[in-house]
Amino acid sequence: MSAPTPETAENSDRARTSLEALRTEIAKAVVGQDPAVTGLVVALLCRGHVLLEGVPGVAKTLLVRALAAALELDTRRVQFTPDLMPSDVTGSLVYDTHTSEFSFQQGPVFTNLLLADEINRTPPKTQSSLLEAMEERQVTVDGTPRPLPEPFLVAATQNPVEYEGTYPLPEAQLDRFLLKLTVPLPSREDEINVLTRHAEGFNPRDLDAAGVRPVAGPADLAAARAAVAKVSVSAEIAGYVVDICRATRESPSLTLGASPRGATALLSTARAWAWLTGRDYVIPDDVKALAPPTLRHRIQLRPEAEMEGVTADSVISAILAHVPVPR
C-alpha cells in the first residue's frame, strides 16, 4: 500500500477533526449516550444502517435529529404504524390531471438520514419495503429504479419491552443493519443534568435554540470514507475476525451464528473505529470494541439459554474471551 500524500493526510485529519466535533455539538442537545453517537458515526463511515433499541424517553429520536443537524444532512421521520403502507415509505405514482400522465411522488425514504420510528410496529410487508432501499440504495416503482440521495442512512428505533401488537424484524432484515445500538437509561448525574437543562428552558424540538450547528458536511464524510478505505488489515486480524464469527456458529447457546456478511461488517466497523482513533491499521482491540454492536443482532439465542438469563452480549463476551488474540 502506497504512503498517503501530504494533501491526502491533511484531508483525512481535517475530516477526523470535523467528525470528532460531532460529540460536542450533539452534547448540546443529548446528555451522555457517547457510545450511540460513536456508533452512528461509524455507520456513516461504513455506509451502513443502525438499529437503535431503548425504552421510550431516552432521546433516541433526539439523538438522530441532533446528528443530522450537526452534519448538515437532510432528515425525515416516519412513524411506523400497523396501517402504514409500503408506498407511504417509498413513494408512488400519482395521476396528474393537467398532463394526463402519471408522475412519481417521492416518499420520505428520499433523504440522507431516515428515522424509522418504532419499525417493529408495522407489518412485514411495509418493513420489507425498506430492504431494497437499505441494500441497493434505490427504490423501484413500476419497474423503474430510482437512486436514493448520497449519503443515505436508516436509523430505526424499536422498544425492547413492549411487544404487544408488534412484528419482530425477520433475520434477513436484521442482517441489513450494520449495527444494533442500545440506548440505556441515563445515570443519576446525567438525569439531573437533563432536568436542569429543561428547567433552564431547553426545548428538544428547537435544536437551533440549543445551539446545535453544522460542524461537518458531505465533503468531510466523503474524505473520511476515502481515508477509512485505506486503513490496512493484516492477515492475522482478518483471521481473528473470521475465528470470532465461526465461534458464534459453534456456540451451544445459539441456534444461529454470524454469517460471512457479519464478518465483513465487523471488519468494516473495526477499520472505521481504527481511523477514528487516529490509526491507519486495525488492532485486535478495534475488533473487540465493535464486536458487540456489530454481531448482537446477527445471532439467535436458544430458548433454553434465554430462560437461563443468557444474552447475546454475554455470549459475544465469552467468545471474545476464548478466541485466541493475534500477537
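The values are calculated or read from the model by the stated rules, or taken from the named source; none is laboratory data. Just so it is clear, the model here is predicted, and its values are computed rather than measured. So basically every Cβ, Gly included, is an ideal-geometry build from the backbone, and we count neighbours across all protein chains shown. The area values use the complete protein model at the heavy-atom level, side chains included, leaving out ligands, DNA and RNA. Shrake-Rupley method; radii C 1.70, N 1.55, O 1.52, S 1.80 Å.
Key figures for this structure:
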{"read-out": "Hey, Lys180 of a type in the set (D, E, K, R), surrounded by 14 or more Cβ atoms within 10 Å (Cβ to Cβ), touching a residue at least 24 places away in the same chain (Cβ under 8 Å) and touching a strand residue (DSSP E or B) at 6+ places or on another chain (Cβ under 8 Å) or not", "value": "yes"}
{"read-out": "Residue match in region 280-300 (condition: surrounded by 18 or more Cβ atoms within 10 Å (Cβ to Cβ), in contact (Cβ under 8 Å) with a residue 60 or more places away in the chain and more than 18 Å from Phe177 (Cβ to Cβ))", "value": "no"}
{"read-out": "Failed condition for Val89, given (1) β-branched (Val, Ile, Thr); (2) open to solvent by 20 Å² or more (accessible area, probe 1.4 Å); (3) in contact with a Ser or Thr (Cβ under 8 Å, 6 or more places away or on another chain)", "value": "(2)"}
{"read-out": "Those helices (runs of 4 or more DSSP H) lying entirely in region 171-286 with at least 3 residues farther than 24 Å from Ala133 by Cα and not polar (S, T, N, Q)", "value": "188-199, 235-250, 260-276"}
{"read-out": "Every residue from region 67-82 that is on the phi < 0 side of the Ramachandran plot and in contact with a Pro (Cβ under 9 Å, 6 or more places away or on another chain)", "value": "Ala69, Ala70, Leu71, Leu73, Asp74, Arg76, Arg77, Val78, Pro82"}
{"read-out": "Which listed residue, of Ser2, Ser12, is modelled with pLDDT under 85, of a type outside the set (A, V, I, L, M, F, W, C) and surrounded by fewer than 19 Cβ atoms within 10 Å (Cβ to Cβ)", "value": "Ser2"}
{"read-out": "Selected residue [closer than 28 Å to Arg296 by Cβ and either surrounded by fewer than 19 Cβ atoms within 10 Å (Cβ to Cβ) or aliphatic (A, V, I, L, M) (or both)] from Ala226, Ala238, Ala210, Ala199", "value": "Ala238"}
{"read-out": "Residues that are in contact with a Lys or Arg (Cβ under 7 Å, 6 or more places away or on another chain) and crowded, with 18+ Cβ neighbours inside 10 Å, drawn from region 112-150", "value": "Leu114, Leu115, Asp117, Met134, Val139, Leu148"}
{"read-out": "Qualifying residue in region 210-224 (condition: of a type in the set (A, V, I, L, M), in contact with a strand residue (DSSP E or B) (Cβ under 7 Å, 6 or more places away or on another chain) and over 27 Å from Ala318 (Cβ atoms))", "value": "no"}
{"read-out": "Residues of region 83-111 that turn out to be more than 19 Å from Pro145 (Cβ to Cβ), assigned to a loop (DSSP other than H, G, I, E, B) and under 27 Å from the mean Cα position of the chain (by Cα), as a count", "value": "3"}
{"read-out": "Condition check for Leu73: open to solvent by 10 Å² or more (accessible area, probe 1.4 Å), under 22 Å from Leu181 (Cβ atoms) and either free of Cβ contacts under 8 Å to residues at least 12 places away in the same chain or outside any helix (DSSP H, G or I) (or both)", "value": "yes"}
{"read-out": "Subset of region 287-300 [part of a loop (DSSP other than H, G, I, E, B) and either touching a strand residue (DSSP E or B) at 6+ places or on another chain (Cβ under 6 Å) or aliphatic (A, V, I, L, M) (or both)]", "value": "Arg296, His297, Ile299"}
{"read-out": "Residue within region 38-58 that is closer than 19 Å to Phe177 by Cα, surrounded by fewer than 24 Cβ atoms within 10 Å (Cβ to Cβ) and free of Cβ contacts under 8 Å to residues at least 40 places away in the same chain present", "value": "no"}
{"read-out": "Restricting region 301-326 to residues that are in contact (Cβ under 8 Å) with a residue 40 or more places away in the chain and assigned to a loop (DSSP other than H, G, I, E, B), the residue that is surrounded by the most Cβ atoms within 10 Å (Cβ to Cβ)", "value": "Val323"}
